[in-house]
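This report concerns only the one structure given below.
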Amino acid sequence: MSKKTTDDAYEDQVQLERRARRQGRGRNAEWPSEIPSRGWKDVLWRVFAEVNEDRVMLIAAGAAFYLLLALFPALAAFVSIYGFVADPQTIAEHIAFLGGVLPSGGLDIIRSQLASLAAQKTGALSFGFMFGLAVALWSASNGIKTLFEAMNIAYEESEKRGFIHLNLLALGFTLGAILIGIGFIVSVGIVPAMLALLNLGGWTEALVRIFRWPMMLILVGLGITLIYRYGPSRERAKWQWATWGAFLAAGVWIAVSIGFSYYLENFADYNATYGALGAVIGLMMWTWISVIVLIVGAELNAEMEHQTAKDTTTGAQQPMGARGATVADTLGGSGRCCQPAVAFGRAQHLMRRSREISAQLRLAQITDIGIGDEVAKTLGNDKSDQRANEYLQAQSPSCSGSANGKRDIGRERRHIKFQPCRNSLAIPPFACRPRYPRR
C-alpha cells in the first residue's frame with residue numbers, strides 16, 4: 001500500500017472531525033452544558049484512560065506526603081493569625097464541625113496540636129506573627145506547590161513559571177486558605193449566637209447542622225476552582241471550564257470523607273494494626289483519597305476542554321495551536337474507537353511555521369547572509385515537508401475491530417502530545433517526533 005501524502009492524511013483528519021461534529025459531540029461547545037451525551041461519553045472514556053496513564057494513585061500518594069509535612073506549619077500559622085481576631089483557646093471547640101468529615105483520630109491530632117499552640121503566651125504568638133509566621137507559611141506553601149504540580153500533570157503541562165512567581169502564588173494560596181478557614185470557624189461560633197436571638201428553640205442546632213454542608217460545599221468548591229484555574233502552568237481557563245469539575249470534586253470529596261470516616265469508626269481498626277500510629281495512618285489515608293478526588297476532578301475539567309474546538313482560555317479568541325494550553329490546543333478522541341486526538345488547528349499552525357522557516361532559510365541561502373552550507377543543506381530543502389508527511393501519516397486514525405463493528409478501545413491512543421523543538425531554527429517543528437503518552 002502506498003504511503004499517504006500530506007494532503008490525503010490531513011483530509012482524513014478533516015473528515016474525521018467533520019463526522020464528529022455531525023454526530024453532535026460538542027465540538028462547538030462554549031459551555032460544558034452544551035456538550036451532548038455522546039460527547040460526555042468521549043470525555044469519560046478519556047478521563048478513565050488518563051487516570052491510568054498519569055498514574056494518579058502514585059501522584060496522589062506523593063502529594064499526600066508533602067501535604068502532611070505542611071500540615072503542622074500551616075496549623076502554627078493558623079493559630080498565629082487566629083489570635084488576632086479571636087481567642088485562640090476557642091479553636092479546639094470551633095473545629096468540632098469537622099467531625100464526620102475528618103477521621104476522628106486525625107481530628108484529635110489536629111485538635112491537640114491547636115490546643116498546644118494556643119496555650120502559648122500572647123507574646124510568643126506576636127513574635128510568631130513577625131518571624132515564625134513567615135517560616136510557617138513558607139513551609140506550608142510546599143504542600144500547595146505539590147498540588148500545582150499535580151494540576152500540571154492533569155492538564156498535561158510542564159512548569160513554566162519562574163521561581164519567584166511560583167512561590168508567591170503558592171504563598172498567596174496558603175495565606176488565602178488560612179484566612180478562609182479562620183472566617184469559617186469564626187462564623188461557626190457567631191451563627192449559633194445570632195440564631196439564638198431569634199428564639200427558635202431546638203431549631204437552632206438543627207439549622208446549624210443542616211446548613212453546614214451547603215456552606216462547606218460552596219467554600220470547598222470555590223477553593224478547588226481557584227486551584228484548577230491558577231494551579232496549572234498554562235493560559236488560564238475561563239471560569240465555566242473550571243467550576244464544573246471543581247464543584248463535582250467538592251461534592252464527591254464531602255461524600256467520600258463522610259463514608260471513609262464512617263468506615264474507620266465502625267469497621268476498620270487501624271490501632272490494632274498500627275498501634276499508636278493508627279490515627280496518623282487514618283489521617284494519611286484520608287489525605288490520599290482527598291488528593292485523588294482533586295486530581296480526577298482536574299482530569300475531568302481537562303477532558304471537557306479537550307472536547308471542544310472553541311477557545312476555552314481567557315483573553316482574545318485564538319486559533320488552536322496558539323492558545324497556550326495543551327488541552328485547548330488539541331481535540332480529544334471521539335467515536336467508539338477513541339481515535340487519536342485531532343490536533344486540528346495545531347497541525348495547521350505547525351505546518352505553516354515549518355514552511356515559513358524553510359522559506360526564510362532558502363532566502364538566507366540565496367542572499368548569502370552567512371548561514372552555514374550544512375544548515376542550509378539540511379533545512380533549506382523539502383525534507384521538512386517530507387517529515388511533515390510522515391508525522392501526519394503517523395496520526396491518521398486507524399481502528400481495529402471485527403466485522404460486527406466492535407472496537408478495541410483500550411489499545412487505541414486517545415491523544416497525541418505535540419513536542420515542538422526547543423530551537424525552531426535548528427529543526428523545523430514538524431520534524432520533531434511526537435511524544436506519545438505512556439501506556
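Exactly one condition in (1) in a helix (DSSP H, G or I); (2) hydroxyl-bearing (Ser, Thr, Tyr); (3) at pLDDT 85 or above is not met by SER116; state its number.
Against the list (1) in a helix (DSSP H, G or I); (2) hydroxyl-bearing (Ser, Thr, Tyr); (3) at pLDDT 85 or above, SER116 comes up short only on (3).
Does any residue in region 95-119 that is in the same structural domain as LEU217 (by TED's automatic domain parsing) come within less than 7 Å, Cβ to Cβ, of a residue that is among the charged types (D, E, K, R) and surrounded by fewer than 17 Cβ atoms within 10 Å (Cβ to Cβ) six or more places away or on a different chain, and which pairs are these?
Every condition considered, the pairs that remain are SER104/GLU265.
Out of region 222-239, which residues are surrounded by fewer than 19 Cβ atoms within 10 Å (Cβ to Cβ) and part of a helix (DSSP H, G or I)?
Those that are surrounded by fewer than 19 Cβ atoms within 10 Å (Cβ to Cβ) and part of a helix (DSSP H, G or I): LEU222, GLY223, LEU226, TYR230.
Suppose we keep only residues that are modelled with pLDDT of 80 or more and assigned to a loop (DSSP other than H, G, I, E, B) within region 82-113. Which one would you say is surrounded by the fewest Cβ atoms within 10 Å (Cβ to Cβ)?
Initial filter on region 82-113 (modelled with pLDDT of 80 or more): 101-113.
Keeping just the survivors that are assigned to a loop (DSSP other than H, G, I, E, B) gives 101, 103.
Details: VAL101: 20, PRO103: 27.
Looking at residues that are modelled with pLDDT of 80 or more and assigned to a loop (DSSP other than H, G, I, E, B), I get VAL101.
For PRO32, are the conditions met, namely being outside the structural domain of ALA302 (by TED's automatic domain parsing), surrounded by 18 or more Cβ atoms within 10 Å (Cβ to Cβ) and within 26 Å of THR314 (Cα to Cα)? Please lay out each step first, then the result.
Working: outside the structural domain of ALA302 (by TED's automatic domain parsing): yes; surrounded by 18 or more Cβ atoms within 10 Å (Cβ to Cβ): yes; within 26 Å of THR314 (Cα to Cα): yes.
Yes; evaluated as a whole, the condition is true for this residue.
Between PHE65, PHE127, which is surrounded by fewer than 17 Cβ atoms within 10 Å (Cβ to Cβ), assigned to a helix (DSSP H, G or I) and either among the small types (Gly, Ala, Ser) or modelled with pLDDT of 85 or more (or both)?
Just a single option satisfies the conditions, and that option is PHE65.
Residue by residue through region 303-333, note down the ones that are in contact with a strand residue (DSSP E or B) (Cβ under 9 Å, 6 or more places away or on another chain) and either of a type in the set (A, V, I, L, M) or closer than 15 Å to TRP244 by Cβ (or both).
Those that are in contact with a strand residue (DSSP E or B) (Cβ under 9 Å, 6 or more places away or on another chain) and either of a type in the set (A, V, I, L, M) or closer than 15 Å to TRP244 by Cβ (or both): GLU305, THR312, ALA325, VAL327, ALA328.
Among VAL79, VAL47, VAL43, VAL56, which is the only one that is buried (at least 19 other Cβ atoms within 10 Å of the Cβ) and modelled with pLDDT under 90?
Checking each option against the conditions leaves just VAL79.
The values are calculated or read from the model by the stated rules, or taken from the named source; none is laboratory data. Because the structure is predicted, anything quoted here is derived from the model rather than measured. In this analysis, Cβ positions are derived from the backbone assuming ideal geometry, glycine residues included, and neighbour counts consider all displayed protein chains.
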